[in-house]
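Derivation of every value follows stated rules applied to the coordinates shown; laboratory data play no part. Remember, it's a predicted structure, so these values are computed and weren't measured experimentally. Neighbour counts run over all protein chains shown; Cβ positions are idealised from the backbone, glycine included.
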């Protein structure tokens, strides 16, 4: 098997009803050499016995115990174990966006440090979203793209590719949910690194419970929205970004 060019990180929490369809879609649609990292909270997760039935050797699948708990802990655990040139966080119930992975990798190979799967680019869609979440997502996306000039129409979608440079260099400060995804985007933008996007689909999940918590996560989302506006109108450059490789006071936000 070829060395993976991409690590596909899938956080799971009782996704037994969804995971096989998602993995099968990756197997059928993705030609980029890849490895799947399944990040789980505990041994009682109903995803694990379902994965045991998956044919061995069909895909390179590795199970990773969450270093903490919750969505953020699972993603960070995946990032820690990832060593491919690029990594993507892929939802466990997404059995329809696998065809977007290869086009996203093409953007990565062209020099983009982050590639966003955009629901609001031409050819994308967002259907079945709860009203409050839909209003927040669409309004924030419009403001960040048109006024803060973040170079993607969908800054809050967690489905995106991060380069090894992003993961090894930028310090993640977010402590809840998927705020890290916006954080890495706006910090890369402040550094002047290239960001690309491809259209993507989004449908409300059919089975299982989403761990998206709008009210709890809003404060940190707002922090990074403000950061994006500051990047455009006041601050820009590496001296204003917390970097892993340069942990001095001058590199703090």
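Observations on the structure shown:
- Rounded to 10°, Cα long-axis angle of helix 179-191 versus longest principal axis of the chain: 50
- Over the chain, relative contact order from alpha-carbon pairs under 8 Å, at least 6 apart, %: 21
- In range of the label at residue 232: residues from the range 124-147 whose backbone nitrogen is under 13 Å from the point 7 Å along Cα→Cβ: 140-147
- Between 0 and 90 degrees, the angle of helix 131-146 with respect to the longest Cα principal axis of the chain falls at about 50 degrees.
- Given their separation in residues at 0.36 nm each and the Cα-Cα distance between them, residue 24 and residue 127 gain 34.8 nm when the chain is fully extended.
- Whole-angstrom gap from the range 148-179 to the range 1-69, using each part's C-alpha centre: 22
- Packing-based exposure ordering (other Cβ within 10 Å, fewest first) of 56, 189, 27: 56, 27, 189
- Between the range 85-107 and the range 111-139, the alpha-carbon centres lie 15 Å apart.
- Between helix 70-81 and the chain there is an angle of about 90 degrees, using the helix long axis and the longest principal axis of the Cα atoms.
- Stokes-Einstein D (µm²/s) once Rh is taken as the Kirkwood radius of the range 76-197 over alpha-carbon pairs, at 20 °C in 1.002 mPa s: 144
- Dimensionless Rg/Rh of the chain - Kirkwood Rh, Rg from C-alpha atoms: 0.94
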